[in-house]
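Read the structure below first, then the notes.
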Amino acid sequence: MQIIWYNSVLGEYQFGDSDEFKISQSKLDDQNSLTVLMELPLGDQNLANKVIGELNVAKEEQALVL
């Protein structure tokens, strides 16, 4: 399973498998800094890349409006 999450410390969307999520979480002082947004079956790398790309575009457009 792949997970897409938002890292509020870095201000970016990330994805990886559950082990990568746990590693990222263990490196943070505040365990609540990561918010899981979506879980995908393994092998959906293209879909994960598209979702991350769209989320980053939306974040940049929001920053331009503010």
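The values are calculated or read from the model by the stated rules, or taken from the named source; none is laboratory data. The model shown is predicted, which means the values in this text are computed figures rather than measured ones. With ideal geometry, Cβ positions are generated from the backbone for all residues, glycine too; neighbour counts draw on all protein chains shown. Quick note on the areas: whole protein, heavy atoms, side chains included, nothing else; ligands and nucleic acids left out. Shrake-Rupley method; radii C 1.70, N 1.55, O 1.52, S 1.80 Å.
Here are some notes:
- Residues of the range 19-46 satisfying the condition of being among the hydrophobic types (A, V, I, L, M, F, W, C) and more than 13 Å from the chain's Cα centre (by Cα): Ile23, Leu28, Leu42
- Counting only strands (runs of 3 or more DSSP E) that fall entirely inside the chain and contain at least 2 residues that are touching a residue at least 40 places away in the same chain (Cβ under 8 Å), of a type outside the set (Gly, Ala, Ser) and open to solvent by 40 Å² or more (accessible area, probe 1.4 Å), the qualifying elements are 12-17.
- Lone unmet requirement of (1) touching an Asp or Glu at 6+ places or on another chain (Cβ under 7 Å); (2) modelled with pLDDT of 90 or more; (3) not hydroxyl-bearing (Ser, Thr, Tyr) for Met1: (2)
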